[in-house]
Structures are given as structure tokens and as C-alpha cells.
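Have a look at the structure below, then the notes.
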Amino acid sequence: MTHPIRVGVGGWTYEPWRGVFYPEKLSQKKELEFASRALTSIEINGTYYSTFKPDSWMKWRDETPDGFVFSVKASRYCTNRKVLADMGESMDRFLGQGLTALGDKLGPVNWQFMGTKRFDAEDFEGFLKLLPEERDGVRLRHALEVRHPSFDTPAFFDLAAKYGAAIVYAEDDEAPEWPRIDQPTADFTYARLMSSREEEPTGMTSGELDAVADRARAWAKRGEVFAYFIAGAKVRNPAAAQALIERLT
């Protein structure tokens, strides 16, 4: 049995995509409607910097088709702190802004940590203990994006598995020091692919995209997959996502 593979980009508002991904005359208010029918998932990353009103979440839910799923990047106020267990109030503010209005269109929450954050088992378990399994009757799935090499250790893998949190597979050729961790610690896989190049019309070569597709199929044997082309040559990311979707369907 294989599970769904959802592929997309980070956000949907980016002016250079007009005339490249979006039709030139498409109104900005229809960009999400268009993107959600060309892709199968989008990571909402504006939430890393600010909160949104409940009406926004309901609007995003209603503008997207059945089966489409958003992931959500958690607030930096939760993760950019010395003592992670102190993030309770910030977490409540983040989770309480209305994201559960997405209902079954809510995918994982990506908790991203700065590259200076080192692995400390006690500190990190204090954080994981605070992550709820559901809110407002909606299941919450958690993904951990770590960027310091100290996290590339079985102690971290075991801790993530204990709490059913996925470890984000992050691939960035510009940051070779980031650990590329591919461990089955949850019932889904979360990947951020950040190595697209502007000289390639589809962000990556055909062979590179074939390799990503093979990896995604392998992940899908163990659970649902969320894969996002983010950063790199951002202008090429929608084309890369569409090329990957074509290979997988």
C-alpha cells in the first residue's frame, strides 16, 4: 500500500510568479484558487512572522478544492528561544488564531529551529511534551525542522519517534552543514527541497526530479508525504512542483 504524496511550494503570493506560473491577467485575489488547482499542497509560511484572523483561514479553506491540504509554519516565537519548554503561551497564541478552521485541509505544522539551536534531550523533550495531538476536534501533526548537526543522532530520532513527530528532510545545496535526516519517526514524511536553480526551467534537471520522485515513492510506502519546493530559485519552484506531480501521476 502506498499513501498520498502531496507536492507544493511555500506560500502563493510572489510577484515574479506572475506571467511565469500565474497567467499575467489573473487577479491577485484569485492566486490561491489557481495555485491550489495546479498543486496539491501549499506550506503557509507567513505564520512564521505573524498571526491571521479566523476569517482568513476560513477564506483559504473555501477557495481550495476538496482534497487539497495546507501545512502551516509555526510562529518563530515558539521555536527561537533558549528554553523551549517556555513556549506554552506563544504556542497557544499560534494554535488559537484559527488554523483549525481548515478542518480536513489542515496538514502538518512545521516547527522550524534556527541553525544555532543545538540538540539537548531534556530541553527538546520539554518542547515535545507541549505539542497537542488535537485542537477543536482537529488532529494536529507535528514536523520538526532542525538545522544544527548535533541533531543527527539516534537520541533525537528516538525522542521524535516517542512523540510521533516527523523530522523534516531538508535538502539545501547552499547549506551543506544542515543535517539531511531521513528517519521514519511519524506516520508521515515532510520534505523541504531548497536546491532549485534558475537556469533550469523546471528548477531541477529531469534526472534530479526523477530521483526526488523515487524518494517520494519510497516515503509513501510508510505514510503520507508532504514535499515542498522552497527557497533556492523561488521563481522556478512552481514548475518544479508541477514536474514532480506529473512524474508521480
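The values are calculated or read from the model by the stated rules, or taken from the named source; none is laboratory data. Keep in mind that what you see is a predicted model, and the values were worked out from it rather than measured. FYI the Cβ positions are ideal-geometry reconstructions off the backbone, even for glycines, and counts take in every protein chain you see. The protein model used for the area step is the full one, side chains on, heavy atoms only, and it has no ligands, DNA or RNA in it. Shrake-Rupley method; radii C 1.70, N 1.55, O 1.52, S 1.80 Å.
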(request) Considering only segment 1-12, state which residues are at pLDDT below 95 and either under 21 Å from the mean Cα position of the chain (by Cα) or surrounded by 14 or more Cβ atoms within 10 Å (Cβ to Cβ) (or both). (result) 2
(request) Collect the residues in segment 82-132 that are in contact with a Cys (Cβ under 9 Å, 6 or more places away or on another chain) and closer than 16 Å to residue 167 by Cβ, keeping them in residue-number order. (result) 84, 111, 127
(message) Kindly evaluate residue 178 against the criterion of being under 25 Å from residue 69 (Cα atoms) and aromatic (Phe, Trp, Tyr).
(response) no
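Would you pick out the residues in segment 53-74 that are outside any loop (DSSP other than H, G, I, E, B) and surrounded by fewer than 16 Cβ atoms within 10 Å (Cβ to Cβ)?
54, 55, 58, 59, 62
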(message) Residue under question is residue 227, and the condition is that it be in a strand (DSSP E or B), open to solvent by less than 10 Å² (accessible area, probe 1.4 Å), touching a residue at least 24 places away in the same chain (Cβ under 8 Å) and in contact with a Leu (Cβ under 7 Å, 6 or more places away or on another chain); does it hold?
(response) yes
(request) Considering each of 155, 175 in turn, give the residue that is over 19 Å from residue 225 (Cα atoms), assigned to a loop (DSSP other than H, G, I, E, B), out of contact with any Cys (no Cβ under 8 Å at 6 or more places or on another chain) and of a type in the set (A, V, I, L, M, F, W, C). (result) 175
(message) Could you go through segment 29-40 and let me know if any residue there is among the β-branched types (Val, Ile, Thr) and free of Cβ contacts under 8 Å to residues at least 60 places away in the same chain.
(response) no
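The rows are residues; the columns are (1) crowded, with 16+ Cβ neighbours inside 10 Å; (2) in contact with a Lys or Arg (Cβ under 6 Å, 6 or more places away or on another chain).
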| position | (1), (2) |
| --- | --- |
| 164 | no, no |
| 167 | yes, no |
| 170 | yes, yes |
| 180 | no, no |
| 202 | yes, no |
| 213 | yes, yes |
(request) Scan segment 102-116 and report the pairs whose first residue is farther than 19 Å from residue 88 by Cα and surrounded by 20 or more Cβ atoms within 10 Å (Cβ to Cβ) and whose second residue is at pLDDT 95 or above and hydroxyl-bearing (Ser, Thr, Tyr), with Cβ atoms within less than 6 Å and a gap of 6+ or a chain change. (result) 107/71
(request) Take segment 82-106 and flag every residue that is in contact with a helix residue (DSSP H, G or I) (Cβ under 6 Å, 6 or more places away or on another chain) and assigned to a loop (DSSP other than H, G, I, E, B). (result) 98
(message) Which count do you get for residues in segment 13-52 that are in a loop (DSSP other than H, G, I, E, B), surrounded by 19 or more Cβ atoms within 10 Å (Cβ to Cβ) and in contact with a strand residue (DSSP E or B) (Cβ under 6 Å, 6 or more places away or on another chain)?
(response) 2
